[in-house]
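The values are calculated or read from the model by the stated rules, or taken from the named source; none is laboratory data. Keep in mind that what you see is a predicted model, and the values were worked out from it rather than measured. Quick reminder, even Gly has a Cβ in these numbers, built from the backbone with ideal geometry, and neighbours come from all protein chains shown. Calculation scope for accessible area: heavy atoms of the full protein, side chains included, ligands and nucleic acids excluded. Shrake-Rupley method; radii C 1.70, N 1.55, O 1.52, S 1.80 Å.
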Amino acid sequence: MIGSKPHPDGLMVAREHPALGVGFAISAAFLVMRAPRRFLFRQTLGRFQSEEARYASAEKNVKDLNLSVDLLKKESIKLLQRTALAEKEMKYGHSELMSTGTQLQRLAKSSYKVEARAADLIDRLRDIPSREALALRAEARI
């Protein structure tokens, strides 16, 4: 083995005893995850806590949870108010849009009527052969 680097002792043990390496890897994975780590702490070191300490810890957790529930309630109330306001604005915008659409339809209808009357007037003026009719036709085109 000239020129090869020696492996650390831990890798040699893992290579010689694969079951030990797998067991160590699984144990390390359990300690990295939060829930198994909490379970192990409660079942081992947590048993040495006094009952008052556990009660105080539980009471603190209840206060924290109540505080977060209150904050969530306030936030949900604000969100509901914003939703109601947005819905009101949306309905107002919709009604404004509908009324504007109706006005546009009326304007288009009246412009068609005016256009038809102007075309009819020009046709009538063409039938009249006079200078005054020429002046009126020129004025009607504008």
Would it be correct to say that Ala29 is at pLDDT below 95, surrounded by 10 or more Cβ atoms within 10 Å (Cβ to Cβ) and over 36 Å from the mean Cα position of the chain (by Cα)? no
Residue list for region 46-59, filter: over 42 Å from the mean Cα position of the chain (by Cα) and open to solvent by 100 Å² or more (accessible area, probe 1.4 Å): Arg47, Phe48, Glu51, Glu52
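Checking the condition open to solvent by 90 Å² or more (accessible area, probe 1.4 Å), over 30 Å from the mean Cα position of the chain (by Cα) and at pLDDT 85 or above, which residue from Lys88, Lys63 passes? Before you say what the answer is, go through the steps one by one.
Numbers: Lys88 fails: over 30 Å from the mean Cα position of the chain (by Cα).
Testing whether each residue is open to solvent by 90 Å² or more (accessible area, probe 1.4 Å), over 30 Å from the mean Cα position of the chain (by Cα) and at pLDDT 85 or above leaves just Lys63.
Any idea which of Arg106, Arg117, Arg124 is farther than 26 Å from Glu139 by Cα and of a type in the set (Lys, Arg)?
Just one listed residue meets the conditions, Arg106.
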